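*Asks:* What follows is a structure written as structure tokens; I'll ask about it next.
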Amino acid sequence: MFTSGADMRPNNNPEKIVMANCLVTGGAGFIGSHLTELLLQRGHHVTVLDNLSTGRAVNLDAVQDHERLTIRSGSITDPVLLSEVVHGADNIYHLAAAVGVKLVADDPVRTIQTNIFPTEQLLRLAASSGVRKFFLASTSEVYGKHPGNAWLEDDDLHLGPTCRPRWAYGCSKAIDEFLALAFHQKYGLGVTVGRFFNVVGPRQVGNYGMVVPRFVDAALRGGPVTVYDDGSQIRCFGHVQEVVDCIYALVDSDDAAGRVFNIGSDQAVSILELAQKVIEMVNPEVEIQFIPYGEAYGDDFEDVQRRVPNTDRLAETIGRRPSMPLDRILEDIIAARRAAMPSS
Ligand code: UDP
């Protein structure tokens, strides 16, 4: 149940097996809700803070009555609420942010206000209140238009110009990374930064631009599937279950503090191949429609042509990396979308 009342503190009953008190900002979101479930499964207490702007209460349906879960409905931009939820936290997973290329391109001011000031406040609260681990969810967008084949965490960033609003997202998260690493250096806060690369899976919605749920939903509706530009853009899609497993392992690791990690799959696929695969799996009759970027996002838009991570650092640190084949990922997503569709 979502509440905004002050009575929803974590369960402090000493009879219970208490591991860590975890705060998950954005815990009702797509990735946050999967992470919340995993933390509960592993025996932790979890406080979720979410304003349900892009997160959805339904994402936490399976655990909403869990005795070790507290859900606070509110914004990370509310400083009083933020200091309330940080109180007593051992580990913070900061996932709340303005997400999605479409949303970000539509409202860069909101992106910057949501992504920078609350992170700074959260870090300050964490450093002054005994928080042990702080996971910052960042994004492959910080690499911008990196021309390389497989991107490494210490590579230079190639952000586009400020007249193109898309880069507000990557730039705001890069500032978050600078802030987080500075808090590690200056105050010894156990910060780990995870850069997500096109995370997909059940519960992701296509409203904010995400390509996989958009393709799957369009194919299930009978098409057409809309590919922007010529579909030669390259991406790697990682299953959310593997991604939250990596987040958990990184926070658990003694070697991850003060470091940045790429988190995602490194199996490259073009957007056109993705569209063809989805169509083949859902309904071979569906057609592909190509539209220019301008029609999808406006004239200021600029895409990233190729985005592939090098995930060796992740694998060396936690002993694994996301590796589920795309077909299996798509099967899982298609099954979840089919199950959620009203039966006719
Ligand atoms: N895309 C597409 N059709 C859609 C949505 C996205 O062709 O309906 C393309 C988009 O231009 C990009 C890729 O799919 O090249 C991935 O888009 P998404 O927004 O999922 O993530 P991004 O990698 O751009 O952050």
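The values are calculated or read from the model by the stated rules, or taken from the named source; none is laboratory data. Predicted, not measured: the structure shown is a model, and the values here were computed from it. Don't worry about glycine lacking a Cβ; one is built from the backbone with ideal geometry, like all the others, and counts go over all protein chains shown. Please note that ligands, DNA and RNA were not included when accessible areas were found on the heavy atoms of the full protein model with its side chains. Shrake-Rupley method; radii C 1.70, N 1.55, O 1.52, S 1.80 Å.
*Asks:* For the stretch 137-192, which positions are over 27 Å from V240 (Cα atoms) and of a type in the set (A, V, I, L, M)?
*Replies:* Scanning the stretch 137-192 gives a single hit, A182.
*Asks:* Take residues that are within 13 Å of the ligand (Cβ to nearest atom) and either modelled with pLDDT of 95 or more or open to solvent by 10 Å² or more (accessible area, probe 1.4 Å) (or both) and tell me which of the strands (runs of 3 or more DSSP E) falling wholly in the stretch 244-299 contain 1 or more.
*Replies:* 268-270, 288-291
*Asks:* Next question, about the same structure. If you scan the stretch 211-230, which residues turn out to be of a type outside the set (V, I, T) and either more than 8 Å from the ligand (Cβ to nearest atom) or more than 22 Å from P284 (Cα to Cα) (or both)?
*Replies:* Residues satisfying the conditions are P213, D217, A219, L220, R221, G222, G223, P224, D230.
*Asks:* Could you check how many residues of the stretch 300-336 are basic (K, R) and either modelled with pLDDT under 95 or away from the ligand (no atom under 16 Å from the Cβ) (or both)?
*Replies:* Qualifying residue count for the region: 4.
*Asks:* A further question follows. What pairs come up if the first residue lies in the stretch 211-225 and is assigned to a helix (DSSP H, G or I), the second is aromatic (F, W, Y), and their beta carbons are under 7 Å apart, counting only those six or more places apart or on different chains?
*Replies:* Qualifying pairs under 7 Å: V212/F237.
*Asks:* Any chance you could count how many residues in the stretch 110-166 are aliphatic (A, V, I, L, M), part of a helix (DSSP H, G or I) and within 16 Å of the ligand (Cβ to nearest atom)?
*Replies:* 1
*Asks:* Which one of these is polar (S, T, N, Q) and under 20 Å from D332 (Cα atoms): Q233, Q267?
*Replies:* Selected residue: Q267, the only one of Q233, Q267 that is polar (S, T, N, Q) and under 20 Å from D332 (Cα atoms).
*Asks:* For the structure I just gave you, tell me whether S53 is at pLDDT below 95, crowded, with 16+ Cβ neighbours inside 10 Å, among the hydroxyl-bearing types (S, T, Y) and on the phi < 0 side of the Ramachandran plot.
*Replies:* yes
*Asks:* Within the stretch 77-95, track down each residue that is over 16 Å from Q204 (Cβ atoms) and under 15 Å from the mean Cα position of the chain (by Cα).
*Replies:* Across the stretch 77-95, the qualifying residues are I92, Y93, H94.
*Asks:* Among N149, N198, which is the only one that is under 21 Å from C236 (Cα atoms), open to solvent by 60 Å² or more (accessible area, probe 1.4 Å) and of a type in the set (S, T, N, Q)?
*Replies:* Exactly one of N149, N198 is under 21 Å from C236 (Cα atoms), open to solvent by 60 Å² or more (accessible area, probe 1.4 Å) and of a type in the set (S, T, N, Q), namely N149.
*Asks:* Of everything in the stretch 90-99, what is of a type outside the set (F, W, Y) and either surrounded by fewer than 18 Cβ atoms within 10 Å (Cβ to Cβ) or modelled with pLDDT of 95 or more (or both)? Give them in sequence order.
*Replies:* Selection gives D90, N91, I92, H94, L95, A96.
*Asks:* Limited to the stretch 21-37, what total is found for residues that are open to solvent by less than 10 Å² (accessible area, probe 1.4 Å) and more than 15 Å from the chain's Cα centre (by Cα)?
*Replies:* The total comes to 2.
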